[in-house]
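This report concerns only the one structure given below.
The values are calculated or read from the model by the stated rules, or taken from the named source; none is laboratory data. This one's a predicted model, so the numbers in the text were calculated from it and none came from an experiment. FYI the Cβ positions are ideal-geometry reconstructions off the backbone, even for glycines, and counts take in every protein chain you see.
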Amino acid sequence: QVQLVESGGGLVQPGGSLRLSCAASGRSFATMGWYRQAPGKERELVAAITRDGSTNYAASVKGRFTISRDNGKNTVYLQMNSLKLEDTAVYYCNVKIMFTFQNYWGQGTQVTVSS
C-alpha cells in the first residue's frame with residue numbers, strides 16, 4: 001500500500017507564503033499533484049507535474065503557486081506565494097503509480113489564510 005505523508009499547512013496572513021510537502025513511499029510515480037477542497041465546494045485541481053517536469057496550474061493560482069518534485073525522494077512540493085483569503089482549503093496530495101491507473105491520496109493538510 002502506498003503511503004503519503006503531507007506537511008506544511010498552517011495559518012498565514014493574506015500576502016504570505018507557505019510550502020507544502022508530500023512524501024510518497026516505495027513506488028515510482030507518474031503524475032503527482034495537489035488538489036484542494038474549501039467548505040461547501042468540490043475538490044479541485046490546483047497543480048500537477050509529470051515525471052519529466054511538465055506542469056499545469058489552475059487559473060486561479062497561476063503566477064502565485066509553483067509545483068515541483070524530487071523523483072529520488074518521491075516527494076512533491078507546492079510553494080504558495082501571495083496567498084489570498086480564497087485559498088483557504090484542505091490541500092490533498094495525489095499520486096499516480098507509473099504504468100497503471102492507480103491513484104492514491106494524502107490525508108490532507110489545512111491551509112487557512114486570514115487577517
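Kindly indicate whether Ile97 is under 13 Å from the mean Cα position of the chain (by Cα) and either at pLDDT 95 or above or farther than 19 Å from Leu18 by Cα (or both). The answer is no for Ile97. Would you check if Val61 is among the β-branched types (Val, Ile, Thr) and either in contact (Cβ under 8 Å) with a residue 60 or more places away in the chain or part of a loop (DSSP other than H, G, I, E, B) (or both)? For Val61, the condition - among the β-branched types (Val, Ile, Thr) and either in contact (Cβ under 8 Å) with a residue 60 or more places away in the chain or part of a loop (DSSP other than H, G, I, E, B) (or both) - is met. Residues in region 49-92 that are closer than 12 Å to Gly33 by Cα, among the basic types (Lys, Arg) and at pLDDT 95 or above: Arg69 only.
Residues that are in a strand (DSSP E or B), of a type in the set (Gly, Ala, Ser) and either in contact with a Pro (Cβ under 6 Å, 6 or more places away or on another chain) or surrounded by fewer than 16 Cβ atoms within 10 Å (Cβ to Cβ) (or both) within region 1-29 comprise Ser7, Gly10, listed in sequence order. Looking across region 30-54, just one residue is surrounded by 12 or more Cβ atoms within 10 Å (Cβ to Cβ), among the hydroxyl-bearing types (Ser, Thr, Tyr) and in a loop (DSSP other than H, G, I, E, B), and that is Thr50. Looking only at residues in region 56-88 that are in contact with a helix residue (DSSP H, G or I) (Cβ under 9 Å, 6 or more places away or on another chain) and surrounded by fewer than 18 Cβ atoms within 10 Å (Cβ to Cβ), the one that is nearest to Gln13 (Cα to Cα) is Arg64. I'm trying to understand the selection: among the residues of region 72-91, which are touching a Ser or Thr at 6+ places or on another chain (Cβ under 8 Å) and closer than 21 Å to Val5 by Cα? Within region 72-91, Asn74, Thr75, Val76, Tyr77, Leu78, Gln79, Met80, Thr88, Val90, Tyr91 meet the criteria.
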